[in-house]
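Participant: Below: one structure in structure tokens.
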Amino acid sequence: MQVRNLATIGGNLCNAIPSADSAPALMACNAQVEISDGKKNRNLPLEQFLLGVRKTALNPGELLSAIFMPPPVKNFASAYYKFSRRKAMDLALLGVAVSMTVENNIFSDVRIALGTAAPTAIRVREAEDFMRNKPLSDEIIIEAAKLAASVSNPRSSYRASGKYRKQLIQSLIPRVFATARERHERKVG
Ligand SMILES: Cc1cc2nc3c(=O)[nH]c(=O)nc-3n(C[C@H](O)[C@H](O)[C@H](O)COP(=O)(O)OP(=O)(O)OC[C@H]3O[C@@H](n4cnc5c(N)ncnc54)[C@H](O)[C@@H]3O)c2cc1C
């Protein structure tokens, strides 16, 4: 119980494992990290902080001292879904985070981030670019999910094959957008 409940978001990012849940969720919200050596600070987009499995942009003597997220703009909604075999104490087979800003039913901004689909959490810019300025509709989201799966190259591990993870990318993206859409409609409704 203590292990499950006593952790920090900073530790989860600095640990830099591909399945870290906070990484895609924060990436979809355009998070930046602040790095401090005690004398001066530097800021990096989270994407540039996570360099590989257990590798970050921290130099010796540096700490991650803050995490910044832009304040959510009007009509913004986000969601994260962790797919794992069990409900507790299990790492994600795939993590999907999305965020969207929707004006007059058009995606004015959209981000999709995946965990456990590469050595670090990643954005799927091809799918984001496809969706931007298009209508918020099931068809567009399904096309974007197909595109995201086709450009992703998740590895096979003893926990799941790359092929299975690709299928998860395609199936889960629409599900996570459905949650974000509900949240968006609750705000504007
Ligand atoms: C049983 C178990 C289940 C788990 N399940 C999940 C899960 O479902 N999802 C998930 O995402 N993770 C999971 N993890 C991983 C674990 O939750 C993360 O590693 C944890 O969030 C780390 O947080 P922490 O604050 O304890 O970091 P620590 O373990 O204290 O630190 C991790 C590393 O980062 C360094 N570090 C920590 N904070 C900073 C900082 N501010 N600046 C610089 N370096 C720093 C430490 O020196 C260390 O090297 C699991 C781990 C265990 C043991």
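Participant: Using a 1.4 angstrom probe and counting only protein chains, how large is the accessible area of Cys14 in Å², to 10?
Facilitator: Per-residue accessible area (Cys14): approximately 50 Å².
Participant: If I model a spin label at Ile106 and Arg186 as a point 7 Å from the Cα along the Cα→Cβ vector, what separation in nanometres do I get?
Facilitator: Taking the simple label geometry, Ile106 and Arg186 are separated by 2.8 nm.
Participant: Further, regarding this structure: Please give every one of the aspartates and glutamates within straight-line cross-link reach of Lys187, meaning a C-alpha to C-alpha distance under 15 Å, and leave out same-chain neighbours fewer than 8 residues apart.
Facilitator: Glu103
Participant: To continue, here is another question. Order of 61-72, 95-106, 173-184, 40-51 by packing, highest average Cβ count within 10 Å first?
Facilitator: 95-106, 173-184, 40-51, 61-72
Participant: Using only alpha carbon positions, build the gyration tensor of segment 111-171, then give the equivalent ellipsoid semi-axes as the square roots of 5 times its eigenvalues, largest first, whole angstrom.
Facilitator: The three semi-axes for segment 111-171 are 23, 12, 7 Å.
Participant: Relative to the first principal axis of the alpha-carbon coordinates of the chain, what is the inclination of helix 162-188, with its axis defined by its Cα atoms, in degrees from 0 to 90 and to the nearest 10?
Facilitator: 70 degrees
Participant: Determine, from the Cβ-Cβ distance of Val73 and Glu139 and an R0 of 22 Å, the FRET efficiency 1/(1 + (r/R0)^6), rounded to the nearest 0.05.
Facilitator: Working: r = 25 Å, r/R0 = 1.15.
Step by step, r from the Cβ atoms, then E = 0.30.
Participant: Does anyone have the angle between helix 138-151 and the longest principal axis of the chain? Alpha-carbon axes, 0 to 90°, nearest 10?
Facilitator: Helix 138-151 sits at roughly 40 degrees to that axis.
Participant: I've got another one for you. Calculate for the chain the 222 nm mean residue ellipticity that helices alone would give, adding -39,500 (n - 2.57) per DSSP H run of length 4 or more and normalising by residue count, nearest 500 deg cm²/dmol.
Facilitator: Details: 7 runs with 70 residues, N = 189.
Calculated mean residue ellipticity at 222 nm is -11000 deg cm²/dmol.
Participant: Where in segment 53-86 is the amide nitrogen less than 14 Å from a point lying 7 Å along the Cα-to-Cβ axis of Arg159?
Facilitator: From segment 53-86, the list is 53-54, 82-86.
Participant: Would you kindly calculate the mean projected area, averaged across all directions, of the convex hull enclosing the Cα atoms of the chain, in square nanometres?
Facilitator: Averaging across all directions leaves 11.6 nm² for the Cα convex hull.
Participant: Got a number for carbon plus sulfur as a percent of the chain's accessible area, 1.4 Å probe?
Facilitator: 54 percent
The values are calculated or read from the model by the stated rules, or taken from the named source; none is laboratory data. This is a predicted model, so every value here is computed, not measured. Positions of Cβ are generated from backbone atoms using ideal geometry, with glycine treated the same way; all protein chains shown enter the neighbour counts. The protein model used for the area step is the full one, side chains on, heavy atoms only, and it has no ligands, DNA or RNA in it. Shrake-Rupley method; radii C 1.70, N 1.55, O 1.52, S 1.80 Å.
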